[in-house]
Amino acid sequence: MRLIVITVAVVLVAVALTTLVGVWLPKGHVASLERHLPIDPQGLWAILTDVEAFPLWRQDVTQVDTRLDNSGLSGWTEHSSNGRIRFAVDRMEPPRVLVVRIADRDLPFGGTWAYEISPDGRASSLRITERGEVYNPLFRFVARFGYGHDRTIRTFLDALERRVAQQEQRGGI
């Protein structure tokens, strides 16, 4: 019985200390990564804005529901094993800039992703910059010291790189 009490006490102290450190960490963060891809800016833009095809090449996405307005794509909802996240398009400058914002207010995180495409010969460079916030102090600690603020960007860029390579093997779009 004493061992159980000590174990529970240690776990509670660890959670309390983790949360306390999380409170001291800033809510906001900026993470940015760039990747060179063997695809022209127009082709890369087509992949990035064809959100309905995300489940075909992003392992973390199972379904996408789109929302359209008079100017085209205004947002979408991604479904995954972790739940759903609604996104809104804040800025579109084809084929150079796409800025997307998390539109859900009830998540423990939020922010924007800015996709910046630069031509690089017959290829492209894509820089993704996340300007995010983590509201829950415990999640803030884990995001900062556990997996890093750039993990989602890395996962996205790895999947995108595989998608571009498949397209290249098939001979283009």
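The values are calculated or read from the model by the stated rules, or taken from the named source; none is laboratory data. This one's a predicted model, so the numbers in the text were calculated from it and none came from an experiment. Please note: Cβ atoms are built from the backbone with ideal geometry, for glycine as well, and neighbour counts cover all protein chains shown.
The single residue among 85, 102 that is in contact (Cβ under 8 Å) with a residue 12 or more places away in the chain and either among the charged types (D, E, K, R) or touching a Gly at 6+ places or on another chain (Cβ under 9 Å) (or both) turns out to be 102. When residue 11 is tested against the conditions (1) under 21 Å from the mean Cα position of the chain (by Cα); (2) without any contact (Cβ under 8 Å) to a residue 40 or more places away in the chain; (3) farther than 23 Å from residue 90 by Cβ, the lone failure is (1). One residue stands out among those in segment 151-173 that are farther than 20 Å from residue 106 by Cβ and of a type in the set (S, T, N, Q): the one that is surrounded by the fewest Cβ atoms within 10 Å (Cβ to Cβ), which is 169. Counting the residues of segment 124-145 that are in a strand (DSSP E or B), surrounded by fewer than 17 Cβ atoms within 10 Å (Cβ to Cβ) and modelled with pLDDT under 95 gives 0. Quick one: residue 107 ticks every box in (1) more than 12 Å from the chain's Cα centre (by Cα); (2) farther than 20 Å from residue 45 by Cα; (3) assigned to a strand (DSSP E or B) except a single one, so which number is it? All conditions are met except number (3).
Screening the candidates 110, 148 for the property of being closer than 30 Å to residue 19 by Cβ, surrounded by 15 or more Cβ atoms within 10 Å (Cβ to Cβ) and of a type in the set (Gly, Ala, Ser) yields one hit, 110.
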